[in-house]
Amino acid sequence: MAENPRSKEGLQRVQIGLTGLVGVLLLVGLANIAVQRVGEGIQPTDAFPANSTANVANATDGKPNDPLGDLGVTPVPDLQPDPKLNKPMDREPAQN
């Protein structure tokens, strides 16, 4: 019995869809394995070692740790709205 072209096309679409689904599941599974392997090697104490050079230097200086100040970055004061502004600009103007 010969298949008509329409059912052949439908079968091909199902095969392509299933192949794509299996490919995505395979990629997600591999990514999950990689994340688990990386997570196993990290201990909570590894993230912030107690004897790092920055902590030792700051402990001996007695100064607080200020990385932005060390780079010469100064904070910007909070911006205030323009006192001459009469209406909010975040909304469309009212049509009268």
Calc'd 3J(HN,Hα), the stretch 4-20, phi into Karplus 6.51 cos²θ - 1.76 cosθ + 1.60 (θ = phi - 60°), Hz, glycine/Pro = x, comes to 7, x, 5, 6, 5, 5, x, 5, 5, 5, 5, 5, 5, x, 5, 4, x
Most packed first (mean Cβ within 10 Å per residue), the peptides 17-25, 79-87 order as 17-25, 79-87
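Computed from the coordinates by the stated procedures, all read-outs in this text should not be read as laboratory data. The structure presented is a predicted model; accordingly, all values stated were derived computationally and were not measured. All Cβ positions, glycine included, derive from the backbone under ideal geometry; neighbour counts span all protein chains shown.
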